[in-house]
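The values are calculated or read from the model by the stated rules, or taken from the named source; none is laboratory data. Remember, predicted model here, so these are calculated numbers, not experimental data. FYI the Cβ positions are ideal-geometry reconstructions off the backbone, even for glycines, and counts take in every protein chain you see. Side chains are part of the model used for accessible areas, which takes the heavy atoms of the whole protein and leaves out ligands, DNA and RNA. Shrake-Rupley method; radii C 1.70, N 1.55, O 1.52, S 1.80 Å.
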Amino acid sequence: MDTSNSGFSASGLRRLREVLTRHVESGKIPGLVALLSRGGETHVEAIGTMRHDGGPPMSRDTIFRMASTSKPVSMAAAMVLLDECRLRLDDPVDAWLPELADRRVLKRIDGPLDDTVPARRPITVRDVLTSTFGLGMDMTSLGSPIMNAIFEQGLTPNLPVPMPGPDEWMRRLGTLPLMHQPGHRWQYHISNDLLGVLVARVTGQSFETFLRERVFDPLGMKDTGFHVPADKIDRLPTLYAPDPQTGQFLVWDEAKGGRHSRPPAFQGGGGGLVSTVDDYHAYFRMLLNGGMHGSERILSRPAVELMTTNRLTPEQNAARNAMALDNVHISHGQGQHGGWGFGMAVRTYRGDYAPVGQFGWDGGSGTATYADPANQLTGILLTQVGASTPDSTRLIHDFWTTLYQAIDD
């Protein structure tokens, strides 16, 4: 594959627009904004409307709910603290998160919550950053006592109730046993929310304040945060979750009066951010530049390498592979091809198009983000349709393949 970073071909860009337009014209995707960047060339497509029944057109500055594509961005806060030696990977987290001291671990993942053994060792910072601290969203264990307890305690976003503030969230988390021994198994999502609490307690600032001071403002990410201010709310589209049987658009979250119209009690690093294609692009370009933004260093090069290379053993990675293969919202772009760094998937072997080393993640609100160091390529696709649908999955798949076809050899 050519790595001269010469940009994109005109025919490839036309093909990309045709493919994206076809998805919108099908009536299954109301609107989208896509960005692709290679070297010094950036191309943006804004297609469709903010609502499924019309309304204002999508625009380059439309603000989207980033869902799980919050994870790669939120992780930067922890990397700043590692760079400053305020956190160390193998430090136990007990000093900042005493609720997680002296853990008990379930004997069986589907067993009663009081059938436990002592944890073999304390939870470390590394366990939190690699999503192996012992608790998470296990889609293979839905209906088990521990998964029921996670939902009942409000430890995940709005399932079934809004999440409490960080201290109460930690208190509730501390009442539960771990599902697995610390460091044993990769598990989705909860580690990334725990990360925000850890950062806040280490710094004495809210998670968002620290991110804004050390990441968002230096990168010019002016539209990224955990809620949308009133003077920008018109730029946030309605979020839909189509009925899987009829395809009818069901409103999951309105803009005005919705979940992101006011500051949340819990600033969730796992899925709470809103952003734009240009803001997210600024962040990924910084990673592709080894932690630099212009002449300013945001992260050290070793910190970026930690984030964007596989950090899991084959045994730890088995659960991540299973989720990537068995959940429909994980695109073939990166989720099924390798390992996990800090807060994102990483390709560890070559796929049909992308080389080893490409990193990124997809989100449940129809977001997909990729970066490819070998080609200095970034691809960002944002929509307002939940990604756990065949239509949005096809869109992400087609975006990914045509993105690589657009490279100018």
Revision key, fill the gap. Counting only residues in region 282-301 that are touching a residue at least 40 places away in the same chain (Cβ under 8 Å), of a type outside the set (A, V, I, L, M, F, W, C) and over 29 Å from Gly136 (Cβ atoms), the one most open to solvent (accessible area, probe 1.4 Å) is identified as Glu296
Point to revise | Residues located in region 149-185, provided they are open to solvent by 20 Å² or more (accessible area, probe 1.4 Å), among the aliphatic types (A, V, I, L, M) and in contact (Cβ under 8 Å) with a residue 24 or more places away in the chain | key: Met163
Review point. Inside region 250-264, can you point out the residues that are in a strand (DSSP E or B) and open to solvent by 40 Å² or more (accessible area, probe 1.4 Å)?
Key: Val251, Trp252
Check your understanding: Going by the structure shown, is Val274 under 14 Å from the mean Cα position of the chain (by Cα) and of a type in the set (Val, Ile, Thr)?
Key -> yes
Check your understanding: Does at least one position in region 186-196 carry a residue that is farther than 25 Å from Met137 by Cα, outside any loop (DSSP other than H, G, I, E, B), touching a helix residue (DSSP H, G or I) at 6+ places or on another chain (Cβ under 8 Å) and open to solvent by less than 40 Å² (accessible area, probe 1.4 Å)?
Key -> no
Check your understanding: Would you pick out the residues in region 383-409 that are in a loop (DSSP other than H, G, I, E, B) and within 18 Å of His281 (Cβ to Cβ)?
Key -> Ala406
Practice item. Return yes when Val80 is at pLDDT 95 or above, β-branched (Val, Ile, Thr) and closer than 29 Å to Val202 by Cα and no when it is not. Key: yes
Review point. When you look at Arg103, is it more than 26 Å from the chain's Cα centre (by Cα) and modelled with pLDDT of 95 or more, yes or no?
Key: yes
Review point. Of the residues Val33, Val24, Val19, which single one is surrounded by fewer than 20 Cβ atoms within 10 Å (Cβ to Cβ), of a type in the set (A, V, I, L, M) and in contact (Cβ under 8 Å) with a residue 40 or more places away in the chain?
Key: Val19
Point to revise | Residues of region 362-405 that turn out to be buried (at least 24 other Cβ atoms within 10 Å of the Cβ), touching a helix residue (DSSP H, G or I) at 6+ places or on another chain (Cβ under 6 Å) and over 26 Å from Gly272 (Cβ atoms), as a count | key: 0
Exercise for review: Report yes if Leu89 is under 22 Å from the mean Cα position of the chain (by Cα), part of a loop (DSSP other than H, G, I, E, B) and within 30 Å of Arg121 (Cα to Cα), otherwise no.
Suggested key: yes
Review point. Among the residues of region 71-84, is any out of contact with any Lys or Arg (no Cβ under 8 Å at 6 or more places or on another chain) and open to solvent by 40 Å² or more (accessible area, probe 1.4 Å)?
Key: yes
Check your understanding: Does Met58 satisfy the condition of being aliphatic (A, V, I, L, M), within 20 Å of Gln384 (Cα to Cα), modelled with pLDDT under 95 and touching a Leu at 6+ places or on another chain (Cβ under 9 Å)?
Key -> no
Review point. Does Gly290 satisfy being assigned to a loop (DSSP other than H, G, I, E, B), modelled with pLDDT of 95 or more and on the phi > 0 side of the Ramachandran plot?
Key: yes
